[in-house]
Amino acid sequence: MTSRYGITQDELVSLLAGHPRYRVDQIWRGLFAEFVAPADMTNLPKELRAEVDRVLPLALETVTESVSDRGDTIKFLWSLADGSRIETVLMLYPDRATVCVSTQAGCAMACGFCATGQAGFTRHLDHSEIVEQVVRATQRAKSMGRRVSNVVYMGMGEPLANEEPVWQSLVRLHDDCGMSARHLTVSTVGIVPGIRKLATRPLPVNLAVSLHAANDDKRDALVPINKRYPLGELMKACDDYLDVKGRRLSFEWAMIDGVNDHPSDAVELANLCRSRRLPAHVNLIPLNPTPGYPVRGSAKSKVYGFRDQLEALGVNATVRRNRGTDIDAACGQLAAGQSVRITPSRSNRD
Ligand code: SAH
């Protein structure tokens, strides 16, 4: 059975053979342009609503929903058809609302400071599972009178280790759901072939790179995949992406006490940013606590000092406000209820 948000228009036509075409169009619009649940498609006869609900099953079952920041951050824990679990975070700001989606159940990148990395890899998500996260979070936002404006691929998993389904989900959000590429951001640990592949795709989505260190020795230790795709190669791939897309690149930097928050780190990072053809923007994220990593985040004064130093060196830098730390919804805390590394690779049926 095709899942609800993975279906193509042609598949919907054949699935609803016998119904007039205008009905199919109403359903398509309801699903993708308006994000309406079939039961709420009041322009359809009741039996047809029930039929759509039955023939197009949802891929995500709600396990829990946690709320933080006085209602401004909502984390969804979902169970997939095979029992795997993933999380999605909805963040409401005064001027916009952002959904942070997962692209894999778990992650194989093994960054030691990240809870998802600590838990290991379960499986890739397909595009319908990614799109449905956006739809379900948008429906929740709508219930509070809010519209989702941005989608960031910064939840569980490494998007560019799962490039094809990620790409299909981006196309759907852009073509069928009407989101502009400017409001779609893919974050990567630095998978060079994935960046190169994404550069060949037609949509100019934003690229964020989780850098965390600006020399290979330090980055090898923090982000193991750096040994496979060292900084020189990664920066070349980023430059080429920017050449094709004309978008600004951003670097993410989780500030780890005594590890990557020295003045010399800021100098190295500034050099890397300024040597790009378009200067990169830096997002500083004070490291969030995770069960498997004993080092703390940098103190607030150090984070702002680092930011000021970068600015003085001519680099734009923003300190990202931590959202949902108390519900384990902040950057690097998504583990879908798993808090320890179990095995590097788990079967789908675990
Ligand atoms: N795999 C992708 C998508 C995950 S995005 C990537 O690496 O970009 C999540 C972001 O949060 C990444 O920048 C990641 O490095 C960062 N992060 C991971 N653990 C963190 C932690 N404990 N505190 C703060 N940021 C963290």
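Report the gain in length on full extension from Val319 to Lys236: 0.36 nm times residue separation, minus Cα-Cα distance, nm rounded to one decimal.
Separation in residues times 0.36 nm, less the Cα-Cα distance, equals 27.3 nm.
Under a 10 Å cutoff between Cα atoms, tell me which one of His212, His124, His19 has the largest fluctuation in the Gaussian network model of the chain. Of His212, His124, His19, the most mobile in the Gaussian network model is His19.
Its alpha carbons considered, region 140-234 gives a radius of gyration followed by a Dmax of 15.2, 48 Å. For region 1-63, the Kirkwood estimate of the hydrodynamic radius, built from every pair of different alpha carbons, is 11.8 Å. Extending 7 Å from the Cα toward the beta-carbon at both Val67 and Arg196 defines two label points whose distance is 4.8 nm.
Largest accessible area first, the residues Cys111, Cys331 order themselves as Cys331, Cys111 under a 1.4 Å probe with ligands, DNA and RNA left out. Think of it this way: in the chain, Cys100, Cys107, Cys177, Cys238, Cys273, Cys331 stand alone, with no other Cys Cβ under 4.7 Å. For region 47-174, the fraction of alpha-carbon pairs lying more than 22 Å apart is 37 percent, rounded to a whole number. Between Asp217 and Arg296, the contour length at 0.36 nm per residue exceeds the alpha carbon distance by 26.4 nm.
Report for the chain the percent antiparallel among DSSP-assigned beta bridges with both residues inside it, nearest 5. Once the DSSP bridges in the chain are tallied, antiparallel ones form about 50 percent.
Direction-averaged shadow area of the convex hull around the Cα atoms of region 260-313, nm²? Walk me through the intermediate numbers first.
Numbers: hull surface 16.5 nm².
Result: 4.1 nm².
Sorted from longest to shortest, the spans of the Cα atoms of the chain along the three principal axes equal 68, 40, 39 Å. Once neighbouring chains are kept in place and the probe is 1.4 Å, which whole percent of the accessible area of the chain is contributed by carbon and sulfur? C and S atoms contribute 51 percent here. Applying the Karplus relation 6.51 cos²θ - 1.76 cosθ + 1.60 with θ = phi - 60° to region 94-103 yields 3J(HN,Hα) values of x, 10, 6, 9, 10, 10, 9, 9, 8, 10 Hz, where x marks Gly and Pro.
The values are calculated or read from the model by the stated rules, or taken from the named source; none is laboratory data. Note that this is a predicted model, so its numbers are computed, not measured. When we count neighbours, we look across all protein chains shown, and the Cβ atoms used for this are built from the backbone with ideal geometry, even at glycine. Side chains are part of the model used for accessible areas, which takes the heavy atoms of the whole protein and leaves out ligands, DNA and RNA. Shrake-Rupley method; radii C 1.70, N 1.55, O 1.52, S 1.80 Å.
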